[in-house]
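K.L.:
I'd like to ask you about the structure that follows.
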Amino acid sequence: METYSLLREFADSWMLLVLFCIFVGVWVWVIRPGSGAVHDEAKNMIFRNDDRPAPREEANK
């Protein structure tokens, strides 16, 4: 069997399954219970210093 045919058969079967499982795993990890606080912080991070300029030590991070 040629290398190309072997790799193509692997990619069409098992690698598709592996990548799908990785996709579902990442999706489940993102929507897991308890991750809402992390997402809320990331969502509002840009507005953290909306009232005044950022302090010098925080702006250098």
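K.L.:
Quick check on my filter: what residues within segment 1-11 are surrounded by fewer than 10 Cβ atoms within 10 Å (Cβ to Cβ) and in a helix (DSSP H, G or I)? Outline the logic, then answer.
P.N.:
At the first step, the residues of segment 1-11 found to be surrounded by fewer than 10 Cβ atoms within 10 Å (Cβ to Cβ) are 1-5.
Answer for segment 1-11, where residues must be surrounded by fewer than 10 Cβ atoms within 10 Å (Cβ to Cβ) and in a helix (DSSP H, G or I): Thr3, Tyr4, Ser5.
K.L.:
What single numbered condition from (1) modelled with pLDDT of 85 or more; (2) among the aliphatic types (A, V, I, L, M); (3) surrounded by 10 or more Cβ atoms within 10 Å (Cβ to Cβ) fails to hold for Ala54?
P.N.:
Against the list (1) modelled with pLDDT of 85 or more; (2) among the aliphatic types (A, V, I, L, M); (3) surrounded by 10 or more Cβ atoms within 10 Å (Cβ to Cβ), Ala54 comes up short only on (1).
K.L.:
Within segment 16-35, track down each residue that is among the aliphatic types (A, V, I, L, M) and assigned to a helix (DSSP H, G or I).
P.N.:
Within segment 16-35, the first condition is being among the aliphatic types (A, V, I, L, M), and the residues that meet it are 16-19, 22, 24, 26, 28, 30-31.
Answer for segment 16-35, where residues must be among the aliphatic types (A, V, I, L, M) and assigned to a helix (DSSP H, G or I): Leu16, Leu17, Val18, Leu19, Ile22, Val24, Val26, Val28, Val30.
The values are calculated or read from the model by the stated rules, or taken from the named source; none is laboratory data. Fair warning: this is a prediction, and the values are worked out from it, not measured in the lab. Note that we place each Cβ from the backbone using ideal geometry, even for glycine, and neighbour counts take in every protein chain shown.
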